[in-house]
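Trainee: My questions all concern the structure below.
The values are calculated or read from the model by the stated rules, or taken from the named source; none is laboratory data. Bear in mind that the values here come from a model prediction, so they are computed numbers and not experimental data. Cβ placement follows ideal geometry from the backbone for every residue including glycine, while neighbour counts extend to all protein chains displayed. Please note that ligands, DNA and RNA were not included when accessible areas were found on the heavy atoms of the full protein model with its side chains. Shrake-Rupley method; radii C 1.70, N 1.55, O 1.52, S 1.80 Å.
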Amino acid sequence: MTSDPASLELAARLLRCPLCAERLAPASGSALRCPARHTFDVSRHGYISLLGGARAVSGDDPDMARARERFLATGAYAPVRDAVAALAGGGRDEPEVVLDVGAGTGYYLAGTLERMPAAHGIALDTSVRSLRVAARAHPRAIAATWDAFRPFPLADGSVDAVLDVFAPRNPAEFHRVLRPGGRLVVARPTARHLAELRAEVAAMVTIDPAKEERLARALAPHVTAVTTREVEYELTLGAEQARDLIGMTPSARHLDVHALGRREGGGAAGEGAAGAGLAVTVSVLVTAYAPR
């Protein structure tokens, strides 16, 4: 997104004031303002500052955001993006508004919009470094700072598809903003996801074996599962790619990612003597849900 009039008009049409829920309108300069004169600036990087000084749950730090941007640019997770996009478009009608919660760099939102020529997208995230990338991820997308655990800055029933890809979930808000006939698409790892990498790097965050049960329990009052795709394939990681993959995950908060490649013999983040890299399993479940 940029601060040009067309982008501001799009943001004003899709978003609502997070303080009073009233409609927004472009204001003088690069900003949005509601009738109560709550004003929200568009940063020079193109994202809208909706959180202001409010404290948010921590998102990707700059190093994590850069690692994510580099890793996703290799196309390693393209099959996951394709599955998310396909299920997002599986409702009764062609989606017009797609919301990506915890959007990061906007990679999955951009892939979804590419399949939907009439749709516009909203990327919400707490990481301003990630939103700098998300703001320019697709010409029909806008990006804004927001905490996934707060009520979304959107009107009731205003969204055709909600994406939640490896991100925090707010089931009640998903239900509130989805229109009847819309779709929620949730992507999450299985126990096999990156198992070989986690075996090499013992300090990586593990996957909770009760994850699926907790997800079903949280979503059950609000949405009904329609279809699930299992995306599983082998990926061979080179040294830099492995470090970026580890560096873009929560594991990076308690690991020295750059030191991993300096271990004797290479290990997970370095290539072995033959330079063949490390073969890992990508294993992700992608489910489309309909609102109850």
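Trainee: Identify the residues of segment 154-179 with backbone N under 17 Å of a label point that sits 7 angstrom from the Cα of Arg292 along the Cα-to-Cβ direction, or state none.
Mentor: Flagged as within label range: 170-179.
Trainee: Between Glu22 and Ala36, what is the label-point separation in nm under the 7 Å Cα-to-beta-carbon projection?
Mentor: 0.8 nm
Trainee: Now for a different question. If you find the alpha carbon centre of segment 5-45 and of segment 133-169, how far apart are they in angstrom?
Mentor: 15 Å
Trainee: Show the residues, 5+ positions off or on another chain, whose built amide H is closer than 5 Å to the amide H of Ala31.
Mentor: Here Val42 satisfy the definition.
Trainee: Please give the helix 78-88 orientation as an angle from the longest Cα principal axis of the chain, in degrees from 0 to 90, rounded to the nearest 10.
Mentor: Long axis of 78-88 versus the principal axis of the chain: about 30 degrees.
Trainee: Still on this structure: What dipole magnitude, in Debye to the nearest 20, does the chain give about its Cα centre under +1 on Lys/Arg Cβ and -1 on Asp/Glu Cβ?
Mentor: 740 debye
Trainee: Let me ask something else. Ranked highest first by the average count of other Cβ atoms within 10 Å around their residues, in what order do 101-110, 136-145, 227-236, 172-181 fall?
Mentor: My ranking of the peptides, most packed first, is 101-110, 136-145, 172-181, 227-236.
Trainee: If you don't mind, another one. Please calculate the 1.4 Å probe accessible area of Glu9, with all protein chains present, and give it to the nearest 10 Å².
Mentor: 110 Å²
Trainee: Find the eigenvalues of the gyration tensor of the Cα atoms of the chain, then list the square roots of 5 times those eigenvalues as equivalent ellipsoid semi-axes, largest first, in whole angstrom.
Mentor: Semi-axes (√(5λ), whole Å): 33, 22, 16.
Trainee: Residues with amide H under 5 Å of Val226's amide H, sequence separation 5 or more or different chain, H placed in the peptide plane at 1.01 Å from N; which?
Mentor: Amide H to amide H, under 5 Å and 5 or more residues apart or across chains, Val226 pairs with Ala288, Tyr289, Ala290.
Trainee: Over the chain, what is the relative contact order in percent, taking alpha-carbon pairs closer than 8 angstrom and at least six residues apart?
Mentor: 18 percent
Trainee: I would also like to ask the following. Which of rounded, prolate, oblate describes segment 103-162, given a ≥ b ≥ c as roots of the alpha-carbon gyration tensor eigenvalues and a/c under 1.5 marking rounded, otherwise prolate only if a/b is larger than b/c?
Mentor: Judged from the Cα gyration tensor, segment 103-162 comes out oblate (a/c at least 1.5, b/c at or above a/b).
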